[in-house]
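What follows draws every value from the coordinates through simple rules; no lab data is involved. Source: prediction; values computed, not measured. Virtual Cβ from ideal backbone geometry, glycine too; neighbours counted across all protein chains shown.
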Amino acid sequence: MEKINVRLKRTVDDSYEILVGSNLLSEIPKDLQKKGIGNRYALVTDHNVERLFGSRLQEIFRRENIQLPIVSFPAGEKSKNLRTFAELLGKIHSLGLDRKSAIIALGGGVVGDIAGFVAATYFRGIPFVQIPTTLLAMIDSSIGGKVGVDLEQGKNACGAFFQPKAVYVDIDFLEGLPRKELQSGLAEIIKHALIFDSRLFEFLEKSLRKLISKDKASWMHVIQKNCRIKAAVVEKDEKESGARKMLNYGHTVGHAIETVTRYKKFSHGEAVSMGMSFASRLSVKLGLLSEKESLRSTALLQAAGLPVRLPALPMGKMLEVMRKDKKSIGGKLSFVVLERIGNARHDVIVPEELVKEVIAPLMD
Ligand SMILES: NC(=O)c1ccc[n+]([C@@H]2O[C@H](COP(=O)([O-])OP(=O)(O)OC[C@H]3O[C@@H](n4cnc5c(N)ncnc54)[C@H](O)[C@@H]3O)[C@@H](O)[C@H]2O)c1
Ligand SMILES: [Zn+2]
């Protein structure tokens with residue numbers, strides 16, 4: 001017998017910059033060239049974002065004598081599937097993009113996830129950059145390289161880790177963002193503050209009104225902070241074995257609510273807000289979090305217009321979904337809980353009886 005070793009130990013440098021600013025779009029073509037990202041480009045986006053910003057971006061590239069063909073698909077989570085993925089790959093191939101070309105993802109998390117997955121797989125991977133246009137994409141989904149699509153069997157069930165080469169966060173996109181989308185991002189921002197940063201939490205308490213009225217300076221501060229938090233988590237734990245798990249705060253119950261209501265009744269942000277309301281009560285019950293801090297957490301969610309009470313949902317089904325959650329450990333329910341505002345703990349196993357006891361009074 002011959003034994004042939006394929007030695008593939010490697011160190012890769014996937015580092016990249018996140019540029020956060022206002023009026024940033026016109027800088028992008030030059031920055032791409034400076035960084036040596038792509039010699040040809042395709043803009044991947046959804047129909048809404050294309051209508052709102054597609055031609056503006058094309059014009060910015062045209063001024064630098066760069067063509068920017070647009071490949072787009074109908075907006076919404078319903079498009080985040082293998083069919084859209086295959087269509088996009090086909091269109092990009094028809095445009096003649098090669099290994100040195102780059103994909104520019106312009107849009108919310110749906111666009112970023114699917115465009116990133118196209119980039120990860122086209123010719124076994126070509127560079128891509130993110131231009132997030134929703135609050136959620138700015139502070140969460142555009143950073144960290146989780147890309148993919150949903151399967152009928154499960155959300156985000158098919159994908160890869162594939163980091164972008166750069167992220168351009170232009171806060172001017174917030175101007176026309178519907179209130180619902182703003183709230184969705186705010187839920188994840190409040191989550192970041194609760195698990196990692198008590199000073200950010202205080203800032204949010206103080207500045208919520210300004211944020212809701214879209215005060216630019218306040219948003220600049222909040223978005224920069226949140227991008228730093230997400231970047232730090234990804235640096236520590238790219239593939240979700242430790243620190244990145246903290247980001248699941250509020251998400252076990254949140255996902256169960258989304259699944260049981262078939263993703264029809266609540267936005268992700270709303271479901272996570274209810275999940276965080278549960279998780280803070282659980283943290284109190286476990287003797288970790290003080291009553292006062294739990295109330296502060298709930299008050300901030302409410303002030304942001306997010307729900308903190310759950311609808312009456314069948315408990316059996318909720319528990320069944322939670323048992324199957326990828327965060328459960330050997331079928332036992334496990335949660336991220338708070339020790340203080342700004343400090344969390346993950347993989348805390350909790351008996352089902354206690355989960356029921358905490359959820360019941362939160363249900364209408
Ligand atoms: N990859 C990750 O790490 C990660 C993290 C969190 C969420 N996600 C994914 O992100 C997705 C949700 O992202 P989302 O909330 O951004 O939703 P989305 O991409 O569907 O965008 C929401 C809506 O806002 C519109 N829109 C986008 N920008 C706009 C703007 N500036 N003005 C007006 N309308 C605008 C879109 O066309 C869409 O209709 C989910 O699929 C989720 O799984 C991924
Ligand atoms: Zn989330």
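Listed values, structure above:
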quantity: Tail weight of P(r) past 17 Å, computed on alpha-carbon pairs of the range 26-108, percent; calculated: 47
quantity: The chain: mean projected area of Cα convex hull, nm²; calculated: 20.4
quantity: CD proxy at 222 nm, helix term only [per DSSP H run n ≥ 4: -39500 (n - 2.57); per residue of the chain; nearest 500]; calculated: -13500 deg cm²/dmol
quantity: FRET efficiency estimate (nearest 0.05) - Cβ-Cβ, Leu319 to Gln67, R0 51 angstrom; calculated: 0.40
quantity: Vicinal HN-Hα couplings computed from phi for the range 2-12 (Karplus, 6.51 cos²θ - 1.76 cosθ + 1.60; Hz; Gly/Pro x); calculated: 9, 10, 10, 8, 9, 8, 10, 4, 8, 10, 10
quantity: Long-range HN-HN contacts of Asp46 with modeled amide H, under 5 Å; calculated: Phe73
quantity: Label point distance in nm, Glu291-Glu87, each placed 7 Å from Cα along Cα→Cβ; calculated: 5.5
quantity: Computed over the range 244-364: relative contact order in percent, which uses C-alpha pairs under 8 Å that are six or more apart; calculated: 30
quantity: Residue exposure sequence - Arg244, Arg7 - by fewest surrounding Cβ within 10 Å; calculated: Arg7, Arg244
quantity: Hz values of 3J(HN,Hα) by residue in the range 227-233 - Karplus curve (6.51, -1.76, 1.60), Gly and Pro given as x; calculated: 5, 4, 4, 4, 4, 5, 5
quantity: Amide H contacts of Met363 (H built 1.01 Å from N, under 5 Å, at least 5 apart or other chain); calculated: Leu310
quantity: Burial ordering of Tyr122, Tyr263, fewest other beta-carbon atoms within 10 Å first; calculated: Tyr263, Tyr122
quantity: Karplus (6.51, -1.76, 1.60) ³J(HN,Hα), θ = phi - 60°, over the range 102-114, in Hz, Gly and Pro reported as x; calculated: 10, 9, 10, 8, 10, x, x, x, 5, 4, x, 5, 7
quantity: Exceeding the 27 Å Cα-Cα cut-off - candidates Lys35/Lys191; Lys9/Lys236; Lys35/Lys78; Lys35/Lys180; Lys180/Lys225; Lys180/Lys230; calculated: Lys35/Lys191; Lys35/Lys78; Lys35/Lys180
quantity: GNM top mover of Ile131, Ile66, Ile257 - the chain, alpha-carbon springs below 10 Å; calculated: Ile66
quantity: Cα-Cα P(r), the range 17-177, percent of pairs per 5 Å interval; calculated: 2, 10, 21, 25, 23, 13, 5, 1, 0, 0
quantity: Taking the chain and dividing mean pair separation by its residue count, relative contact order in percent (alpha carbons under 8 Å, at least six apart); calculated: 14
quantity: Other-chain or far-sequence residues with amide H under 5 Å of Leu289's (modelled H); calculated: Val284
quantity: Selection from Gly254, Ser334, Ser22, by position along the positive dipole direction of the chain (Cβ); calculated: Ser334
quantity: Per-pair calculated FRET efficiency, R0 = 45 Å: Leu354 and Asn23 via Cβ, rounded to 0.05; calculated: 0.35
quantity: Cross-link partners of Lys264 among aspartates and glutamates (Cα-Cα below 12 Å; sequence separation of 8 or more within a chain); calculated: Glu77
quantity: Relative contact order (percent, whole number), the range 17-177, Cα cutoff 8 Å, 6+ residue spacing; calculated: 27
